[in-house]
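Have a look at this one before I ask anything.
The values are calculated or read from the model by the stated rules, or taken from the named source; none is laboratory data. Since this is a predicted model, take the numbers as computed values, not measurements. Note that each Cβ is placed from the backbone with ideal geometry, even for glycine, and that neighbours are counted across all protein chains shown.
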Amino acid sequence: MREDTNMSWAKVGAFVAKKGAGGLATAAAAVRDGAAASYKTLVRGRAEQRNAIIQARMHKKLTQSQLAQMIHVKLQDIQDYKSGKVRPNQTIIGKLEKALGTKLQLNKK
């Protein structure tokens, strides 16, 4: 996310250099709108992944506790993934996929 922000502010700087100081508000609004769209896409992707984990766990008729034991994490970790507080890293996603027998990776657009 930090790289996107830095790149966006670089675009603002280039825009202002071309348009003068009056273009700052327009450029900042464009960056803000772009950042908001990126954030919405990120949040939607996280929700889809979270829902996929929940659906697969329920399909396998596993409790959160059983799933936690299967992938060697704490129950609290599974609860945090479900609530959206924490996003599982690639290692955990791989373990979840193996335990649940389904693909959880989202296609990057």
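Within region 7-19, does at least one residue satisfy the condition of being β-branched (Val, Ile, Thr), out of contact with any His (no Cβ under 9 Å at 6 or more places or on another chain), surrounded by 14 or more Cβ atoms within 10 Å (Cβ to Cβ) and modelled with pLDDT under 90? Break it down into steps so the answer makes sense when it comes.
Start the filter on region 7-19 by keeping residues that are β-branched (Val, Ile, Thr), which leaves 12, 16.
Next cut, out of contact with any His (no Cβ under 9 Å at 6 or more places or on another chain) only: 12, 16.
Right, trim to surrounded by 14 or more Cβ atoms within 10 Å (Cβ to Cβ) and you get 12, 16.
Those still in the list that are modelled with pLDDT under 90 too: 12, 16.
Yes, because at least one residue in region 7-19 is β-branched (Val, Ile, Thr), out of contact with any His (no Cβ under 9 Å at 6 or more places or on another chain), surrounded by 14 or more Cβ atoms within 10 Å (Cβ to Cβ) and modelled with pLDDT under 90.
Right, here's the next one. If you scan region 47-87, which residues turn out to be in contact with an Asp or Glu (Cβ under 7 Å, 6 or more places away or on another chain) and either basic (Lys, Arg) or closer than 18 Å to residue 98 by Cβ (or both)?
Start the filter on region 47-87 by keeping residues that are in contact with an Asp or Glu (Cβ under 7 Å, 6 or more places away or on another chain), which leaves 68, 86.
If the condition is that a residue be in contact with an Asp or Glu (Cβ under 7 Å, 6 or more places away or on another chain) and either basic (Lys, Arg) or closer than 18 Å to residue 98 by Cβ (or both), then 68 is the only one that fits.
Please give the helices (runs of 4 or more DSSP H) falling wholly within region 57-109 in which 3 or more residues are surrounded by fewer than 14 Cβ atoms within 10 Å (Cβ to Cβ) and at negative phi. Spell out how you get there, then give the answer.
Details: elements: 64-71, 75-83, 90-100.
Correct list: 90-100.
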